[in-house]
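Everything on this sheet refers to the single structure shown next.
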């Protein structure tokens, strides 16, 4: 089999491994270059697909991650708390903009009316007299209630799955990763952020305290209980 025929499957294979490693290109480039050369040399005499010879990209990424020093260490509780506060402020701002959009853009309420409680009260009285407007307002209230649940959940889960860090974590050089050091799966992102979801967020403190107790007994290091359950950890670059 010629090199040209091998190049596409090998490139796709290496790119997938690259995607799973949440580290700088400067650190990954020489390691992946060496791996690419090894795969190319091996497949010159073995016609099988790369994953059949070396294992799935997920398995190879895990092996590469645990066998190299990426310059990370477990993040302490203090800096994680600061990152979380920034994330909460950002989420609150997003939810407020979501509320303003509903009243100002969809219902056509003047922004000054929205910001002035007396004026807004008069608007509500008008809606109360008009059944159609009242139903619209109720529908918007339902959308807002759903939004305040979906927005925080999506923020933490999506950011940590795709980017390995929320904006707050990014500012402090933190990453949420698998225990091996690779990017989270969707399941891991959901499990580790479960205690942050609206409606059960009051259990976050319990989640942390339980994690601390488990850490003292040798289970994990600076991990919440949901981190230990999801086999994830927050590290600092």
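Some observations on this one:
- Shape call, region 3-66: gyration tensor on alpha carbons, a/c limit 1.5: prolate
- Fewest-first ranking of 51, 8, using other Cβ atoms within 10 Å as the exposure measure: 8, 51
- Counting 0.36 nm for each residue step from residue 149 to residue 187 and taking away their Cα separation leaves a gain of 11.8 nm.
- Label zone at residue 203, where the point sits 7 Å out along the Cα-to-Cβ direction: region 221-237 residues whose backbone N lies under 20 Å: 223-233
- Cβ-Cβ distance of residue 68 and residue 101, R₀ of 35 Å, FRET efficiency by 1/(1 + (r/R0)^6): the value works out to about 0.15.
- Two-site label geometry, residue 38 and residue 212: point separation in nm, points 7 Å out along Cα→Cβ: 4.2 nm
- Gain on full stretching of the segment that runs from residue 11 to residue 221 - 0.36 nm per residue minus C-alpha separation: 72.0 nm
- Under the criterion of Cα pairs below 8 Å and six or more residues apart, the relative contact order for region 3-66 equals 48 percent.
- Taking other Cβ atoms within 10 Å as a rough exposure proxy, 41, 69 sort from fewest to most as 69, 41.
- Förster-model FRET efficiency, 35 Å R0, residue 167 and residue 52, C-beta, rounded to 0.05: 0.30
All of the numbers you see were taken from the coordinates with simple rules; none came from a lab. Note that the structure is a prediction, hence the values are computed from the model and not measured. We place every Cβ from the backbone using ideal geometry, glycine too, and count neighbours over all the protein chains shown.
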